[in-house]
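Comments concern the structure below.
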Amino acid sequence: MTQAAAKIRSDVIVVGAGLIGLATAWELTGRGVSVTVLERAEPGCGATGVAAGMLAPIGELDFGEPELLALNLRSRSLYPEFVASIEAATGADTGYRHTGALHVALDRDEAGELRRVMELQQSHGLDSSWLGPMAARDLEPGLSPSLAGAILVEDDAVVDPRALVEALRIGLGEAGGRIEQAEATALVCDDSGRANGVETTIGRFEAPTVVAAPGAEAGIAEWIPAGVRPPVRPVKGQVVELRGTPEDPACERVLASERVYLAPRPDGRLILGATVEEMGFDGRVTGGGVHELLREAYRLLPDVAEMEFLDAIAGFRPGTPDNMPIIGRTAVDGLILATGHYRNGILLAPATATAVSDLVEGREPEGLAAVSPDRFAKQEAK
Ligand code: GLY
């Protein structure tokens, strides 16, 4: 990272080095586009650094918008190639594992709800199947003996977001992309009102296209002109990290109940996530949050009681009024938004990167109407 910018010019500036920003920079760099990423703190220091990394387009399905389901499934299908390209370029292990996931009902009420979810999934042609308690425990012997049933979603997977960010940081550097530690203070526009750079705390960066990927801070990012600043709010999530051993992992695949999910890491760690709290930017880890996660994890997988407590952290998901991401061009020519991914930022990184790169190159990617930035402007005008 440089200390002072001396009129650095590139084809594209990406503001925000979370997974969305870095994946976009990676995709653009691969297409021969020169990119400068601006990050006020450290790469991955926002929601990415706290995320458990569940890739669960089916298991965590919210049927609100068919277009979001299509985007989630498309992004899931892009993941193997996305991580393979980074791992091949850097030799890093991103923790990507196509393990499938078990979504578990712990009592009869939950079983009824889970069956309903499964039927809905199957009616959309998605791959999920019912397992009785014994079959579920054959797959995951550590599960609670009193579970009422489970659905197995073979295509769900997991990745380590922090490892992925570190690999992208290295890969981008080796591929000629720049990541600069600089806080954006203003969008720079030419006389016609078209974006052509970003003013920062260390000087001005120039580019004919600016991609705003500031995550949960998008709604308070004063460098984005007020008229196109997206209605993003922080939704707090706390997670707990436990240590196990790779030889004797607590579970083989992602486990989820109604109130908690457990994501195993290749080194034996287990990530317990996550609370969902409307607390503004209050980032404190609380006794109540940690208690809830440990209690619910214990109900699902009693062996967690034997694991070493490593850490508890909190972060902010970028929430939007309709829980859908915000991806697309804005009313300011040359300014593209890629934010508001709420609970799906890790999953949606490859599809967002591809869509934004297409927009940068002047193409019109399909399937973005439901996530277009102007949907909120249209609502206001009604
Ligand atoms: N995607 C899981 C979460 O946001 O907690």
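Inclusion of L348 among residues that are under 29 Å from C189 (Cβ atoms), surrounded by 19 or more Cβ atoms within 10 Å (Cβ to Cβ) and within 15 Å of the ligand (Cβ to nearest atom) is warranted. When every residue of region 241-263 is checked against the conditions, none turns out to be under 21 Å from the mean Cα position of the chain (by Cα), in contact (Cβ under 8 Å) with a residue 40 or more places away in the chain, surrounded by fewer than 18 Cβ atoms within 10 Å (Cβ to Cβ) and away from the ligand (no atom under 16 Å from the Cβ).
The residues listed here are G288, G283; of these, the one that is surrounded by fewer than 18 Cβ atoms within 10 Å (Cβ to Cβ) and away from the ligand (no atom under 16 Å from the Cβ) is G288.
You will find that of A331, A355, A305, A369, the residue that is buried (at least 24 other Cβ atoms within 10 Å of the Cβ) and more than 25 Å from F281 (Cβ to Cβ) is A355 and no other.
Tell me which residues, restricted to region 291-324, are in a loop (DSSP other than H, G, I, E, B) and more than 13 Å from the ligand (Cβ to nearest atom). Listed by number, the residues that qualify are L301, M307, T320, P321, D322, M324. Contact annotation: residue pairs with Cβ atoms under 9 Å, 6 or more positions apart or on different chains, pairing a residue in region 296-307 that is closer than 13 Å to A263 by Cβ with a partner that is of a type in the set (F, W, Y) and surrounded by fewer than 19 Cβ atoms within 10 Å (Cβ to Cβ), are V304/Y298.
When every residue of region 58-66 is checked against the conditions, none turns out to be modelled with pLDDT of 95 or more and outside any helix (DSSP H, G or I). All of S75, S129 fail the test of being polar (S, T, N, Q) and either over 18 Å from the mean Cα position of the chain (by Cα) or closer than 16 Å to V254 by Cα (or both), apart from S129. Within region 76-84, identify whether any single residue is closer than 25 Å to L335 by Cβ and among the hydroxyl-bearing types (S, T, Y), and answer yes or no. No, region 76-84 has no match at all.
Of all residues in region 24-49, those satisfying the criterion of being surrounded by 24 or more Cβ atoms within 10 Å (Cβ to Cβ), in a helix (DSSP H, G or I) and within 16 Å of the ligand (Cβ to nearest atom) are A47, T48.
Scanning region 124-170 for residues that are on the phi < 0 side of the Ramachandran plot and free of Cβ contacts under 8 Å to residues at least 40 places away in the same chain returns S129, W130, L131, G132, P133, M134, A135, A136, R137, D138, P141, P145. Is one or more of the residues making up region 137-160 in a helix (DSSP H, G or I), in contact with a strand residue (DSSP E or B) (Cβ under 8 Å, 6 or more places away or on another chain) and surrounded by fewer than 23 Cβ atoms within 10 Å (Cβ to Cβ)? Looking for residues that are in a helix (DSSP H, G or I), in contact with a strand residue (DSSP E or B) (Cβ under 8 Å, 6 or more places away or on another chain) and surrounded by fewer than 23 Cβ atoms within 10 Å (Cβ to Cβ), one finds at least one in region 137-160, hence yes. Per this entry, R233 is counted among residues that are within 16 Å of the ligand (Cβ to nearest atom), of a type outside the set (S, T, N, Q), over 27 Å from A157 (Cβ atoms) and in contact (Cβ under 8 Å) with a residue 12 or more places away in the chain.
The values are calculated or read from the model by the stated rules, or taken from the named source; none is laboratory data. Everything numeric here is computed off the predicted structure, so don't read it as measured data. Don't worry about glycine lacking a Cβ; one is built from the backbone with ideal geometry, like all the others, and counts go over all protein chains shown.
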